[in-house]
Amino acid sequence: MSEIRISTGVQGLDTMLQGGLIPGRVYLIKGAPGTGKTTLAMHFAMAGVARGEKVLYVTLEEPVENLKQDMPKLGFSLEDPNFVLIDATPATDTYVLMDSMFESFAKGFDKMMETIKTQFISLRFQRLVIDPLTMVKLTTRDEIEYRRLFLEFIKTMHRLRVTTILTSEMEKCDVEEYLVHGVIELRRFEVNGRVARGIRITKFRGSSFDDALRPYTITSEGVVVNTDEILRMF
Ligand SMILES: Nc1ncnc2c1ncn2[C@@H]1O[C@H](COP(=O)(O)OP(=O)(O)OP(=O)(O)O)[C@@H](O)[C@H]1O
Ligand SMILES: [Mg+2]
């Protein structure tokens, strides 16, 4: 019997992952600005909602109003009661109100985890997105402390059986890449003056995977991966 996999919401990516993500684990989507990290994370969130799962999406840079304006254009309705969207962006009015959500999420990993744990124990989410993690990292100055908190976070998510997607803007290899269970990279190249987009899985613990760089596009249906082709750079 094959093990249970859960869909990323993008068919081509599920194929590259040999059926989908292994549940209860933490994955990283990394890529330069505008490569589609938020869109891909939203596919994953909505795939959960479509299955009747509870999903928590924490946005740390893009305000909720923007997501509510942009995401329906890609076919994502953010109105489902099982979809909880938390705005943890450092907006002016949030600062003025000293909103506890911003305090807990963006002011450090430990506070963020505390809030997430409380939310999860009472509401039992099955999927979590933190977009982007970069904001949280910037608030933790000590690298060793960050590593410790990050590992604790991974363990907690595993214990709570929550499949988690984190997005990251970091271009170079970072500590998170070693600690998470899987890494998906979104890349943008210039080929003959044109922009080409490529998706690659660089790590997927516990499974074999398609390690080719596959072309993808962003359309009115969101991210579409072409698994029949390999993106070649020359
Ligand atoms: N309907 C559409 N058709 C084609 N492209 C689209 C469509 N809707 C959005 N896009 C493009 O998708 C791209 C990816 O957006 P997204 O916000 O997911 O990227 P991101 O990696 O999260 O960016 P950032 O680093 O700024 O957070 C945008 O550059 C946008 O132009
Ligand atoms: Mg984004």
Response to the item:
Expressed in angstrom and ordered largest first, the alpha-carbon extents of the chain along the principal axes are 50, 42, 38
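Counting trypsin sites (Lys or Arg not before Pro) as exposed when in a DSSP loop with at most 13 other beta carbons within 10 Å, what is the longest stretch of the chain free of them?
Free of exposed loop sites, the longest segment is 52-123.
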Worksheet item: In degrees from 0 to 90, rounded to the nearest 10, what is the angle of the helix 109-123 Cα long axis to the longest principal axis of the chain?
Response: 90 degrees
Item to complete: Mind telling me which of L149, L166, L28 comes out most flexible in a GNM of the chain, alpha-carbon contacts under 10 Å?
Response: L149
Item to complete: Whole number in Å², please: accessible area per residue of region 128-234, 1.4 Å probe, ligands, DNA and RNA not counted.
Response: 54 Å²
Discussion item. Ignoring ligands, DNA and RNA, please state the percent of accessible area on the chain from carbon and sulfur, probe 1.4 Å.
Written reply: 51 percent
Response to the item:
The set of residues whose placed amide H lies less than 5 Å from the amide H of I165, leaving out same-chain residues fewer than 5 positions away, is Y27, L128, V129, I130
Worksheet item: Antiparallel DSSP bridges in the chain: what percent, to the nearest 5?
Response: 40 percent
Fill in: Between region 67-82 and region 158-220, the alpha-carbon center distance in angstrom
23 Å
Worksheet item: How far is helix 143-159 tilted, in degrees, relative to the longest principal axis of the Cα atoms in the chain, given as a value from 0 to 90 rounded to the nearest 10?
Response: 80 degrees
Item to complete: Would you mind telling me the antiparallel percentage of the DSSP bridges in region 108-234, rounded to 5?
Response: 80 percent
Worksheet item: Under the definition of Cα pairs under 8 Å and six or more residues apart, what whole-number percent is the relative contact order of the chain?
Response: 29 percent
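The values are calculated or read from the model by the stated rules, or taken from the named source; none is laboratory data. Only a predicted model underlies this, so the values are computations on that prediction, with no experimental measurement involved. Here the Cβ is made from the backbone with ideal geometry for all residues, glycine too, and neighbour counts use every protein chain on show. In case anyone asks, the SASA skips ligands and DNA or RNA and just uses the protein heavy atoms, side chains included. Shrake-Rupley method; radii C 1.70, N 1.55, O 1.52, S 1.80 Å.
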